[in-house]
Each structure stands twice: as C-alpha cells, then as structure tokens.
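Derivation of every value follows stated rules applied to the coordinates shown; laboratory data play no part. Being a predicted model, the structure only gives us computed values, none of them experimental. Here the Cβ is made from the backbone with ideal geometry for all residues, glycine too, and neighbour counts use every protein chain on show.
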Amino acid sequence: MIKAISEYPDKVWDVIIIGGGATGLGTAVDATTRGYSTLLLEQADFAKGTSSRSTKLVHGGVRYLAQGDISLVLEALHERGLLRKNAPHLVKNLAFVIPNYEWWSGPFYAIGMKVYDMMAGKLGLGPSEMISKEETIEAIPNIRTNGLRGGVIYYDGQFDDSRLAINLAQTFSKNNGTLANYCKVTGLLKSDGLISGVEATDLQTGKRYQIRAKSVVNATGVFADEIRHMDDPEHSRSIRPSQGVHLVLPKEFLKGESAIMIPKTDDDRVLFAVPWHQRVIVGTTDTPRDQAQLEPKPLDSEIDFILNTAGRYLTRAPKRSDVLSVFAGLRPLAYSGDDQEATKEVSRNHQIMVSLSGLVTINGGKWTTYRKMAEDIVNKVAMVAGLEERPCITKNMPIHGFSQDHKNSDHLQIYGSDRAAILQMMEVQPELNKPLHPDLEYLEAEVVWAIREEMAVTVEDILARRTRALFLDARASIAMAPRVAEIMANELGKDQAWIEEQLSQYQQLARGYILD
C-alpha cells in the first residue's frame, strides 16, 4: 500500500486519516464510500493498540445506564443492532447472567434490564427475565451456590475486535481506499497556517513522504495529544488514558455457554466473565495511567482485583497459575481537567475537536459506536475542508466477510465469506491443513491467508491480531512462533536473519502476557 502512495506524488487527498484502530478504520470506510479520496496511515499494525484489547462485547453499556448516560446507551444499542446485521460472521448474541445473592437484587436488576430491552427496541437481541436458582445454576454450572437466590438473564452482543478491524480495512480497500500499516506520521504540513497534509515515514524501509491533503483526521486514540502537539506545541492535555486489564482462563472456569456479569464490585466497577474462542475472558479494570503506550503493562493490583472478585462467584477460585494470558489496553478518555475524577465516572461519549489550523481530532468513544463516530467525523471533515456534501451510507452496508451461512461450526466461520477461499487454498495445498499447535485451532493456511490477503508482515501481526493466539494462550503462541516465522519467510522472501529477529522480538513481547 505504500507503493500506492509513491505512485501519486502530486495527489492531493480529500482526507488523510492518522490511526488504524476502530475509529480510524471506521472513518476511512465512511469517507471512501461517500466518494472522498481517502488515505489511512497506521504507525504499527491495524488495531495494535486499544482496539484489539477490549472485553469483546458489542453492547449498550449496562454501567452507563446505571450512571444515567441515557443518550450513550440509546446510541450504543442502536449501533449494536446495526453491527449485528452488517457483520453477522463476527457478531453474535450472548446470554449474560447476573447472579443474585441479596433479596433485593433480583427485582432491582430485572427492572433495569427491562429498561435496557425497551431502549434497544426492534434491534434488541432477546428479552431479559428473572430466573430461578436452579435456572441460574443450569446456565452457569460452576457458579457459587452458597447464598444464591436466583439471577437475571439478558442478552448482548459479542465479537472479535481485531478481526473486525481487519475486515474494516478490507472493506475500505475494496471501496477504493488506500491504507498502510507501519507508516508513522512524523509531522504535519501547513500552508498559510492551515493543515495541508502530513509527513510520514515507512518504518520498514525508512523512506519518507510528504503527502498533501484537504483535511487530516487525528484518530490516534491515546496518542491523540502527540499529533495535536505537532499542530500546536502549546496544546493542553485532552486525553486521560484509563487502563483496562483482562485475564484469560481455561474454559473449565466457566462451564456452559452464558457469560457472568457482576454489576457492582468492591470499587463500584463492573466485572465480566465471558466465554470466547473456547477460553474465558475475565475483566476489566479502570485504572488512570499517565503515559500512553502501545504495550501497556498490567499492575499486580489489577490482576489481584480480577482474581479475587471472580473467585467470590466461582466454585473454583482462579489463581495466577491458571492464567493463560493477560492483556492490558488504554481507553482514550476525554480529559476534563480534574485529575481527581475517577476514570470510571468519565463519559464514554466521543468528542470531536477542530483546531484553528483545521486538524480534526476525535477523543473517547467505544468499539460499539465506531460507525456513528465515523459518520460524525466525516460530516465535520466535509464542513471544515469544504468538500461536497454527501450522505453517509454505512448504516446498512455489509462489512467484508459478510455471511449469513452459520451452518459451519469450525473456527474458520469467523472469516465469513472468505472461509470458502481458505478451504480452496487447502485443497490446492493440502500441507497447509495442519494445526500450528495442539491446544489451539489455528491452521498453517491461516498464516498464508493473512499474508496474502490481510497485510500481515510480522509474526506478531499473525499471532496477536489475525489469529488471537497471543491473547488466548501466550505460552502456546510462543511455541507456534517458529513455524509461523518459517511460513512467513517463505511467502515474503525473507532470510534466516529475519526469522531470528522476528522470533526474538515476538518472544520478548509474549513474555509480557504471561504471569510468573
């Protein structure tokens, strides 16, 4: 994709988007499908940061309802329904059980979830209801039964975050968009004080570019202030990173197909235990952090909080030795200027800001509302840059991989309409129909597919985001890495030195996902 940039040295793009996470990719899809010439640049890999580190839920936000943020919940529930229709290969319905141990909690949460149902309207995923103690145990066989009175069951959406990001990148590319990963924006171009493009460096070759545009969107999440400082060195802080940590446990810790939602923990947070890819994700935390990082590190206090809280609700309390992987992500919360404000109280509504130079910056938001955020951003960009006004068409637009064929139960179903092509590849090359590790379902064919069709260029790209091996079982992913590197070297024409460098980098990274 870098080649595509160099082929048009005099091109003036309508829109350049900085950042290849949920917001940037969504904005790119919206802009290009309106007919605006659009370029997206990502400093690392698509969804490398926050956008691959979510709780894997497409939801309205029960906690936001409790906080009284009705407009956000309404918007999120509507977008949840649209995403379920536009990407059915990635988004599915999931039952959540709220276990009740107090006499008052059943009716209290039942009423709240009925409000949640009504707000979803025709896009609801199923009616909530109170269930008996026996029904609660049937849904969650290993829930702690001592003092259990019953539960409330409700329905929300679940998805695979980085897979959705890759499908959005493919959707963008198929609609005449141009994008590049590992291309870092190092400066902003200006003409008469107004933004006129960006300076960027291809991190793989070191080649530098000056790329002109009518508008530039800063969709870099927790790194938004860095881009704003390029625009205005006197810019004041606008982002307050909040860290969310998740632990991944073996499936035996959550028997059954339902998730657990703990609506109020010791510090008034919400905790989820969610089945995902034959594992269980438990989280999350909401911890203020001062520094934005691509690889944030979980704190021992966050790990202990999750283990201790989960242990109160499960018949077998998880220990550090049970954790298959631990990952942390940073939410780009809008900074209010109050350092004492608890991050869990900061609104998840997005904010769009336009600087005096015309730089458009987006802060806040969440995966579920990425499409609406993108619509709002492109509306603003069109106004700021004086582009011809054109309607958004993404509300009912299928995302790449769209497939309603759910008859297949194998893990390749997540590729949607691309599944057939992967199967065809294995027919032509039967040797690719081979598991990369006995504890995970991923096949060698998926590595080849990720290189040829999904812009994967590093071992980490494959094991962290094209497959989810790093997040599901960090030790297993380390064991898989040598074969992945070998396949990649063969596909990309790399030598042994490249393989050794890739393995060294990946092993160092993956060790950070393992609890000692």
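Key figures for this structure:
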read-out: Electrostatic dipole magnitude of the chain [Cβ: Lys, Arg +1; Asp, Glu -1; Cα centre; debye, to 20]; value: 740
read-out: Inter-site label distance for ALA421 and ARG212 at 7 Å from Cα along Cβ, in nm; value: 3.5
read-out: Neighbour net charge for ILE478 - beta-carbon separation under 14 angstrom, K R +1, D E -1; value: 0
read-out: Rg ratio (alpha-carbon, reference 2.2 N^0.38 Å) - region 411-511; value: 1.01
read-out: Relative contact order [Cα under 8 Å, 6+ residues apart], the chain, whole percent; value: 18
read-out: Unit charges at the beta carbon, dipole of region 179-277: most positive-side option, PRO241, LEU203, ALA259; value: LEU203
read-out: Mean-position separation - Cα centroids, region 258-272 and region 288-334, in angstrom; value: 14
read-out: Charge tally in the Cβ shell below 14 Å around LEU82, where Lys, Arg are +1 and Asp, Glu are -1, LEU82 excluded; value: +3
read-out: Estimated 222 nm signal from helices in the chain, with DSSP H stretches of n ≥ 4 weighted -39500 (n - 2.57), rounded to 500; value: -10000 deg cm²/dmol
read-out: Residue pairs, from the table LYS92/LYS184; LYS85/LYS114; LYS122/LYS395; LYS190/LYS380; LYS133/LYS251, whose Cα atoms sit over 27 Å apart; value: LYS92/LYS184
read-out: Positive minus negative residues near GLN508 (Lys, Arg vs Asp, Glu; Cβ under 14 Å); value: -2
read-out: Which of PHE46, PHE402 has the fewest Cβ neighbours within 10 Å, and the rest in rising order; value: PHE402, PHE46
